[in-house]
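Remarks on the structure that follows.
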Amino acid sequence: MADSPRVTFNVSTAEKERTYTPFVAAFERPANWEELRATGKKPPADWHSKDVESRAVTMTDPAEIDWRDLLDIEKPIHFLKHCVTQEDRDFIKTCPIEGWRFGALIEAYQRHYGMDSAGNGVASTL
């Protein structure tokens with residue numbers, strides 16, 4: 001009978017070595033968003049200087065996300081799917097956010113957790 005290979009790492013008993021402070025982002029939308037949406041109108045260009053509805057959203061630490069889901073985070077919708085709750089995702093989807101601002105959010109999240117912007121090296125951040 002052949003000897004079993006010596007196990008050098010047991011995934012089931014591994015312990016997390018690092019923890020990070022939570023990543024919290026603020027999102028805003030016009031206070032009259034539901035009214036605008038119902039009438040099909042877009043918010044005015046200066047809506048930021050008017051009444052706004054705000055929400056602080058805590059995003060999931062990538063160490064807490066299933067590794068298969070981490071591989072899926074290549075597009076903004078995947079980022080929202082895996083990094084925020086459904087309730088927060090529904091709110092964020094109603095916020096008028098320019099693409100460059102959303103890109104900056106994703107980059108800030110990646111910097112916060114030590115991920116490189118290409119999505120490589122994810123395992124090193126866990």
Conditions (1) surrounded by 14 or more Cβ atoms within 10 Å (Cβ to Cβ); (2) modelled with pLDDT of 80 or more -> Leu126 fails only (2)
From the option list Arg29, Arg55, Arg37, single residue qualifying as part of a helix (DSSP H, G or I), surrounded by 12 or more Cβ atoms within 10 Å (Cβ to Cβ) and within 26 Å of the chain's Cα centre (by Cα) is Arg37
So, of the residues in the stretch 1-26 that are surrounded by fewer than 10 Cβ atoms within 10 Å (Cβ to Cβ) and among the basic types (Lys, Arg), which turns out to be farthest from Ala63 (Cα to Cα)?
Arg6
Over the stretch 89-122, the set of residues assigned to a loop (DSSP other than H, G, I, E, B) and either at pLDDT 90 or above or of a type outside the set (A, V, I, L, M, F, W, C) (or both) is Thr94, Pro96, Glu98, Tyr113, Gly114, Asp116, Ser117, Gly119, Asn120, Gly121
Could you grab me the full set of residues in the stretch 61-78 that are under 20 Å from Phe27 (Cβ atoms), surrounded by fewer than 16 Cβ atoms within 10 Å (Cβ to Cβ) and of a type outside the set (Lys, Arg)?
Pro76, Ile77, His78
The stretch 19-48: number of residues that are basic (Lys, Arg) and touching a Leu at 6+ places or on another chain (Cβ under 8 Å):
1
Cβ-Cβ below 8 Å, separation at least six or inter-chain, first residue in the stretch 47-73 and within 18 Å of Arg111 (Cα to Cα), second assigned to a strand (DSSP E or B) and among the aliphatic types (A, V, I, L, M): which pairs?
Val57/Val24; Val57/Ala25; Val57/Ala26; Thr58/Val24; Met59/Val24; Met59/Ala25
Would you check which residues across the stretch 58-77 are closer than 24 Å to Cys95 by Cα, out of contact with any Phe, Trp or Tyr (no Cβ under 7 Å at 6 or more places or on another chain) and part of a helix (DSSP H, G or I) and list them?
Asp72, Ile77
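The values are calculated or read from the model by the stated rules, or taken from the named source; none is laboratory data. Just so it is clear, the structure is predicted and the values come from calculations on it, not from any experiment. We place every Cβ from the backbone using ideal geometry, glycine too, and count neighbours over all the protein chains shown.
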